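Visitor: Mind having a look at this structure? Questions to follow.
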Amino acid sequence: MQDKSRTPRVGLFATCLVDALRPNIGFSALELLRAAGCDVAIPKAQTCCGQPAYNSGDDANARKLARQVIEIFEDFDYLVAPSGSCALMIRSYPELFSHDSALADRARKLAARTYELLSFLVDVRGFRPVGVSCKASATYHDTCSGLRGLGVKAAPRELLAAIDGLEMRPLEGEETCCGFGGTFCMKYSEISDAIVAEKTANIQATGADLLLGGDLGCLINMAGKLRRSGSATRVFHAAELLAGRAIHAIGEETP
Amino acid sequence: MNAPSPPPEDFRARAKRALGDRNLKIALDRTTGNARTKRAAAVAAWPAFDRAREAAAAIKDHALQNFPYYLERFERNALASGAKVHWARDAKEACAAVIAICREAQAKTVTRSKSMLGEEIGLPHALAEAGLRRVETDLAEHIIQLAGETPSHIIWPAAHRTREDVAKLFAKHHRDHLLLTEIEAMVASARQELRDDFFAAEVGISGANFLVAETGAICTITNEGNAELTTTPPRVHIVTAGIEKIVATTEHALQLTRVLVRSATGADLTQYTTFHCGPKREGDRDGPEEFHIVLVDHGRTQMLEEMPEMLRCVRCGACLNHCVVYTKIGGHAYGGAYPGPMGAALTPVFDGLMETRDLPHACTMNGLCKQVCPVDIPLPTLLRDWRAKSFRRGFEPRALKLALALWAFVASKPALYRAALAVALPLMRRLGNNGWIAKLPFAPGWTNTRDFPSPAKRSFLAQVRSGEKKVGSGEKK
C-alpha cells in the first residue's frame with residue numbers, strides 16, 4: 001500500500017516515444033527526480049498511455065491501455081512522465097470509465113497523482129538544479145498539452161533560469177502549436193508541414209543555439225523540420241539540459 | 001477574376017489546393033493576424049474578461065436548460081409586438097417559409113444582411129431558384145457575391161481575398177469600373193453601387209445575434225450600417241435565426257455582446273447594436289410594415305441531447321482566427337457553411353458524419369480554440385467525441401482499425417512489447433544515416449517534408465533492465 005514516509009515514491013512513466021527513441025530523456029528524468037528527493041521506480045510492465053487510440057476515437061483500445069497503466073502505477077505516491085501530452089492523457093482516464101464506477105474511481109485517484117516532470121519538480125518538490133552550466137543561447141516552445149491542458153508555463157522557465165550560462169531568448173508564437181498533434185501529423189501531413197514550417201521559421205529567427213521543450217513528440221517534429229531545412233539549431237528536452245545530460249542533441253548519433 | 005470552380009470532392013484535395021495558394025496565405029495571415037492582435041489587446045484591457053466569459057457561458061446554459069420555456073415566451077412577446085413567427089424544423093422548411101413570404105410580398109429584389117444561418121440553410125441558393133434577385137449588402141458578402149463564392153469566415157466572409165483582389169473585382173463589376181487602391185474609395189464605390197437597391201428592395205432579410213425572450217425583440221450587432229438599411233426601408237423584414245440564439249433578457253444579450261465583440265474584432269462594441277421589436281407602429285416614421293421571424297431548428301434539438309455546449313456558440317470567429325489548421329487552409333477547404341473548429345464540430349450535424357469525418361480529425365487538439373472561446377465551448381472534446389462516434393459507427397478506414405488493434409494488442413502485453421521493440425529498433429536504425437532517417441516506408445507523410453531521428457539502439461527500459469542503471473522496479477508483490 002501507499003508508503004507515507006517523507007520520501008515520495010514516484011513511478012516514472014517514460015512514455016513510449018522516450019522509451020523507443022530517446023532513452024536519455026528517461027535517464028535525465030530519473031536523475032532529476034532523485035535529486036529532488038524522490039524514491040524512483042521504473043515499472044517494467046509500462047508501454048504506452050493509449051493516446052494514439054484515444055485520439056483516433058478507438059475508446060475500447062484506449063481503455064485497455066488505460067487500465068494497464070492504472071494497474072501498474074496506482075500504488076505509487078506519484079506518477080511522473082517527461083511529457084505533458086501523456087500526463088494529460090492519464091489525467092483524462094476517468095472519462096473513459098464513466099460506465100464503470102470502480103475503475104473510474106481508481107482512474108480519478110491516479111489522475112490526481114499524475115504530473116508532468118518539469119511542473120512536478122517545481123510545483124510539488126520545489127526543486128532547482130544546482131551546479132548545472134551550459135554556455136549557449138536557447139529558446140523554449142510551450143507544448144500545447146502541458147501548457148493548456150496542465151497549466152505548465154512558469155515551471156520550465158524557473159528551472160532553466162537556474163542553469164549557469166544559459167541565455168534564454170523569447171520565441172515568437174511560443175504558445176502556438178507546432179503541428180505535431182500525434183496521429184494528425186501522419187494523417188494530414190501536408191497541413192502539419194505548413195504549421196511546423198512557420199514554427200521553425202520563428203525558431204530560426206531567434207538565432208538561438210538550442211530549441212528546448214517538454215514533449216518528445218513535438219520536439220522530433222520541430223527537429224526533423226529544422227534538419228530538413230538545413231538549420232543547425234540543436235534540439236533537446238529541457239530535462240536533458242537540467243540533468244546535465246545534454247551532450248548529443250536529437251538526431252546526433254548516440255553511442 | 002476567374003469564375004468559381006466547383007469544389008474538389010474531398011477535404012484533403014481542397015486542403016491541398018489551399019496550401020498551394022500563396023494569395024490565400026497572404027489574405028489569411030493579414031485577417032487572422034490582425035484579429036488575434038486586436039482580441040489580445042481587448043482582453044488585456046478588460047481585467048474582468050475571464051469573469052464575463054464565465055457569466056456568458058452561464059447565460060447561454062441557462063437559456064438552453066430552459067429552452068422550451070424561453071422559446072415560447074419569445075414567441076408570445078414577439079406576436080404581441082406584431083411580429084409573425086414561423087417555425088422551421090429543417091433547412092428546407094426554413095427556405096420555403098422565406099420564399100413564401102417573399103412571394104406573398106410580390107418581391108422582385110431582396111436585400112440581405114450577412115447571416116451565417118442563411119448560409120447554413122442554403123438560403124442564397126433557394127432565393128435564386130425562386131427567381132428572386134438577391135442583393136448582399138454586407139461589404140464582404142457583396143465581394144463574394146460578385147466573385148460568385150461562398151463565405152470563408154463567419155465574421156469576414158471574404159477573408160480569403162486580399163484588398164488587391166477586391167480592387168480588381170470592383171473594377172470589373174461596379175458601374176464606375178475604377179481600379180481603386182484606397183480602402184475608403186473602395187468602400188465608397190460599394191456604397192454607391194448598393195444605394196439604389198437598399199431602397200428598391202421589397203423585402204430585407206437579416207439574421208439575429210440574439211432572440212430576447214422577455215421582450216420578443218431580436219438583436220443584431222453590426223458594423224457597417226447595412227443591416228439597418230436592409231431591415232428598415234423595405235416593406236417586409238424577414239429574420240432568420242437558429243433557435244439557440246434565445247436569451248432570457250435584454251441584459252443577458254448585452255452581457256454576451258461584451259465578450260462576443262471583443263472576441264470577434266477586439267472592439268468594445270460594434271458600431272450598431274439594434275433591437276428590432278415588431279413592425280412599424282402607428283406614428284413611427286419608418287420601419288417595415290411586416291416583420292417575420294423564421295425560427296430554425298435544423299439539428300439543434302438533436303444537439304441539445306448530443307453536444308449541448310455547442311449551442312452556446314455566439315459565432316464570434318475567435319476559434320477560426322486562432323486555429324493553426326484554419327489559418328493554413330482557410331474556410332473553403334472545410335466544405336461547409338461554418339469552417340474552423342466550430343465548423344468542424346457543427347458540420348457533421350448538418351451534412352452527416354460519414355461525409356465530413358475528416359473535419360473533426362483534421363485538428364491537432366492543441367486546445368487554443370477552447371481557451372479563446374468567449375463561452376468556453378470544449379471544442380477539442382467535442383471533436384474527439386465525433387472521432388469516437390465515427391470509430392464506433394465503422395466510418396474509419398479498415399487499415400487504421402487494424403493498425404490500432406495490432407498496436408494495442410502488443411502494447412497490452414509488456415513482454416511481447418519489449419521483444420518487438422528489441423527487434424524493431426535495430427531494424428529501424430538501419431534506415432538511418434548519421435542519426436537521421438530521410439525516408440520512412442510506413443510514414444511517408446512525415447519524411448516527405450521532415451527528417452525522422454534514428455531510434456535508440458536499445459530502448460530505455462531495456463537499458464534500465466540490464467542494470468546500466470540500478471533502480472527498483474516498483475512492482476506489486
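Every number here is computed from the coordinates shown, using simple stated rules; none is lab data. What you see is a predicted model; the values in this text were computed from it and never measured. Backbone-built Cβ (ideal geometry, glycine too); neighbour counts: all protein chains shown.
Visitor: What are the radius of gyration and Dmax of the range A:129-242, computed over its Cα atoms and given in Å?
Guide: 13.6, 44
Visitor: Can you give the three extents of the C-alpha atoms in the range B:396-465 along their principal axes, from longest to shortest, in whole Å?
Guide: Each principal axis gives a Cα extent; for the range B:396-465 these are 38, 32, 14 Å.
Visitor: Still on this structure, please answer the following. Quick check: the distance between the Cα centres of the range B:318-369 and the range B:83-102, to the nearest angstrom?
Guide: Taking the Cα centre of each part, the range B:318-369 and the range B:83-102 sit 28 Å apart.
Visitor: Kindly provide the helix-only [θ] at 222 nm of chain A, computed as the sum of -39,500 (n - 2.57) over DSSP H runs of four or more divided by all residues, to the nearest 500 deg cm²/dmol?
Guide: -12500 deg cm²/dmol
Visitor: Take the Cα gyration tensor of the range B:353-477, multiply each eigenvalue by 5, square-root it, and list the three semi-axes largest first, rounded to whole angstrom.
Guide: 34, 21, 18
Visitor: If you take all C-alpha pairs in the range A:9-122, what percent of them are over 26 Å apart?
Guide: Across the range A:9-122, Cα pairs with separations above 26 Å total 13 percent.
Visitor: Related question: By the 4.7 Å beta carbon criterion, which cysteine residues of chain B come out unpaired?
Guide: Cysteines of chain B left without a disulfide-compatible partner: B:Cys95, B:Cys102, B:Cys219, B:Cys277, B:Cys313, B:Cys316, B:Cys323, B:Cys363, B:Cys373.
Visitor: Ignoring everything except DSSP H segments at least 4 long, calculate the 222 nm mean residue ellipticity for chain B; use -39,500 (n - 2.57) per segment, divide by total residues, nearest 500.
Guide: Rounded to the nearest 500, it is -15000 deg cm²/dmol.
Visitor: Using only C-alpha positions, report the orientation-averaged shadow area of the convex hull of chain A, nm², one decimal.
Guide: The number I arrive at for chain A is 13.3 nm².
Visitor: Give the dimensionless ratio obtained when the Cα radius of gyration of the range B:214-297 is divided by 2.2 N^0.38 Å.
Guide: 1.14
Visitor: Right, next: Of A:Lys187/B:Lys114; A:Lys44/B:Lys389; A:Lys225/B:Lys439; A:Lys64/A:Lys109; A:Lys64/B:Lys439; A:Lys187/B:Lys245, which ones are farther than 25 Å apart at the Cα?
Guide: Result: A:Lys187/B:Lys114; A:Lys44/B:Lys389; A:Lys64/B:Lys439; A:Lys187/B:Lys245 exceed 25 Å.
Visitor: Shifting gears a bit: Taking each residue of B:459-467 in turn, how many C-beta atoms of other protein chains fall within 10 Å of its C-beta, and what is the average?
Guide: Taking all residues of B:459-467 together, the mean is 6.
Visitor: Return the average number of partner chain Cβ atoms within 10 angstrom of each residue Cβ along peptide A:141-150.
Guide: 3
Visitor: Consider all pairwise Cα distances in the range B:79-166 and report the whole-number % of them above 20 Å.
Guide: Roughly 41 percent, rounded to a whole number.
Visitor: Give me the log10 of I(q) over I(0) for the range B:48-302 at q = 0.07 Å⁻¹, as the Debye formula computes it from C-alpha points; what are the numbers?
Guide: One equal scatterer on each Cα of the range B:48-302 leads to -0.24.
Visitor: With 10 angstrom as the radius, rank A:Met186, B:Met354, B:Met342, B:Met303 by how many other C-beta atoms surround their C-beta, starting from the fewest.
Guide: Least to most surrounded, the residues fall as B:Met354, A:Met186, B:Met303, B:Met342.
Visitor: If each residue's Cβ is checked for other Cβ atoms within 10 Å, how do B:Arg161, A:Arg228 rank with the fewest at the top?
Guide: A:Arg228, B:Arg161
Visitor: Using the alpha-carbon centroid of each, what span in Å lies between the range B:171-188 and the range A:86-109?
Guide: 60
Visitor: If you rank B:Ser466, B:Ser459 by fewest surrounding Cβ atoms within 10 Å, what's the result?
Guide: B:Ser466, B:Ser459
Visitor: Please compute the Kirkwood hydrodynamic radius of the range B:229-268 from all pairs of different C-alpha atoms, in Å with one decimal.
Guide: Result for the range B:229-268 stands at 12.4 Å.
Visitor: To the nearest Å, what is the center-to-center distance of the range B:141-169 and the range A:6-70, using C-alpha atoms only?
Guide: Value for the Cα centre distance between the two parts: 50 Å.
Visitor: Given C-alpha coordinates of the range B:144-237, what is the ratio Rg to Rh with the Kirkwood estimate of Rh?
Guide: With Rh from the inverse mean 1/r over Cα pairs, Rg/Rh is 1.02.
Visitor: Between A:Asp105 and A:Glu252, 0.36 nm times their residue separation minus their Cα-Cα distance comes to what?
Guide: In short, 48.5 nm is gained.
Visitor: Take the Cα coordinates of the range B:127-199, assign each an equal point scatterer, and use the Debye formula without solvent to give log10 I(q)/I(0) at q = 0.14, 0.24 Å⁻¹.
Guide: -0.43, -1.18
Visitor: Run the numbers on chain B and let me know its relative contact order in percent, using alpha-carbon pairs under 8 Å that are six or more apart.
Guide: Normalised by residue count, the contact order of chain B is 18 percent.
Visitor: Per 20 Å bin, what is the whole-percent P(r) computed from every C-alpha pair distance within the protein assembly as shown?
Guide: Percent of pairs per bin, in order: 16, 46, 28, 10, 0.
Visitor: If you don't mind, another one. Could you work out the mean projected area of the convex hull around the alpha carbons of chain B, in square nanometres to one decimal?
Guide: 28.9
Visitor: Next question, about the same structure. Looking only at other chains, what is the average number of their beta-carbon atoms within 10 angstrom of each beta-carbon in B:416-423?
Guide: 2
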